[in-house]
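Asker: Here's a structure for you.
The values are calculated or read from the model by the stated rules, or taken from the named source; none is laboratory data. Small disclaimer: the values here were computed from a predicted structure and weren't measured. Cβ: placed from backbone, ideal geometry, glycine included. Neighbour counts: every protein chain shown. Side chains included, ligands, DNA and RNA excluded: accessible areas come from the protein's heavy atoms. Shrake-Rupley method; radii C 1.70, N 1.55, O 1.52, S 1.80 Å.
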Amino acid sequence: AEKAEHSSHDHAEKAEHSHASHAKAETSEHSHSSHDHAAAPCADATCTDPTHDHSHSSHDHAHAAADACDDPTCTDPTHDHSHDRAHSRFPIDSFVYAARRPFSPARLQTLLRDLPADVTAAIAAGNAKGGAAEEPLRNVVRSKGFLWLASSHDAAYYWSHAGAFFTAELLGRWWDTLPPEHWPEDLVESIKADFSGDDGDRRQEIVFIGMEVAKREADIKAALDACLLTDAELTDYRASDEDQRPALFP
């Protein structure tokens, strides 16, 4: 017994002066052999009894119980009050708008004035049920995607909006304007997947993200559809050349 005590004392002294032995000491303290003789798992968050098992296995039950807590007044630090409750208070969702004809730049610019002034204001507005029918974009806090404007048949734009900031950045040319032999070999299949009809890969493909925007999807789509060229305008668009289009569709 004395030899065993002296041996363990030596090990403890070495552990104080060596990172490697410290790690070894920690390993032995929490090993399966020491837990084999420990008490039953203890789920009491306030317990400090060193003979009780406060390992992750016992904590799992506490976490499972915490998941069920949705009381907004609860202050129990052992409960989880993070993402689930936040999502229930501020339900963010999304949808993708898609179309295969160009936007009238003038009508689109008018619609974009309905975008919220900033993200905070949009979230505050989202607490109310919807918005005015004439402001379908009021709850949108983020939107992005490919943009086709009637001012050009060649130019591909990238729509990027976040809060008070909106840009329509020129990406380059639509792939349809280039011969297939000029396409990157590793992108050929994905490029072809975006083609449809005579207009190739030209399209509107924009994801809208915000406070319950899925509930307003029909209103937002209707507002965007009203910005697309009419049949008569599309006829003029196809009959014009690249130099004429900016004047026809400013």
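Asker: For the stretch 159-194, which positions are within 27 Å of the chain's Cα centre (by Cα), surrounded by 15 or more Cβ atoms within 10 Å (Cβ to Cβ) and within 14 Å of Phe146 (Cα to Cα)?
Answerer: Once the filter is applied, which keeps residues that are within 27 Å of the chain's Cα centre (by Cα), surrounded by 15 or more Cβ atoms within 10 Å (Cβ to Cβ) and within 14 Å of Phe146 (Cα to Cα), the stretch 159-194 yields Trp159, Ser160, His161, Ala168, Trp174, Ile191, Asp194.
Asker: Oh, and also: Among the residues of the stretch 226-243, is there at least one that is part of a helix (DSSP H, G or I), more than 20 Å from the chain's Cα centre (by Cα), buried (at least 18 other Cβ atoms within 10 Å of the Cβ) and at pLDDT 95 or above?
Answerer: Of the stretch 226-243, the ones part of a helix (DSSP H, G or I) are 231-239.
Narrowing further to those that are more than 20 Å from the chain's Cα centre (by Cα): 231-239.
So of that shortlist, the ones also buried (at least 18 other Cβ atoms within 10 Å of the Cβ) come out as 237.
Filter once more, so that each one left must be at pLDDT 95 or above: 237.
Within the stretch 226-243, one or more residues are part of a helix (DSSP H, G or I), more than 20 Å from the chain's Cα centre (by Cα), buried (at least 18 other Cβ atoms within 10 Å of the Cβ) and at pLDDT 95 or above.
Asker: While we're looking at this one, here's another question. Among the residues of the stretch 170-215, which ones are assigned to a helix (DSSP H, G or I), charged (D, E, K, R) and free of Cβ contacts under 8 Å to residues at least 24 places away in the same chain? It would help to see each step written out before you state the result.
Answerer: Filtering the stretch 170-215 down to residues assigned to a helix (DSSP H, G or I) leaves 175-177, 180-182, 185-193, 197-199, 213-215.
From what's left, charged (D, E, K, R): 176, 181, 185-186, 189, 192, 198-199, 215.
Selection gives Glu181, Glu185, Asp186, Glu189, Lys192, Asp198.
Asker: Further question on the same structure: Show the residue pairs meeting these rules: Cβ distance below 7 Å; 6+ apart or different chains; first residue within the stretch 99-114 and at pLDDT below 90; second residue acidic (Asp, Glu) and open to solvent by 50 Å² or more (accessible area, probe 1.4 Å).
Answerer: Asp114/Glu135
Asker: In the stretch 145-157, how many are open to solvent by 20 Å² or more (accessible area, probe 1.4 Å) and under 20 Å from Arg107 (Cβ atoms)?
Answerer: The qualifying residues number 5.
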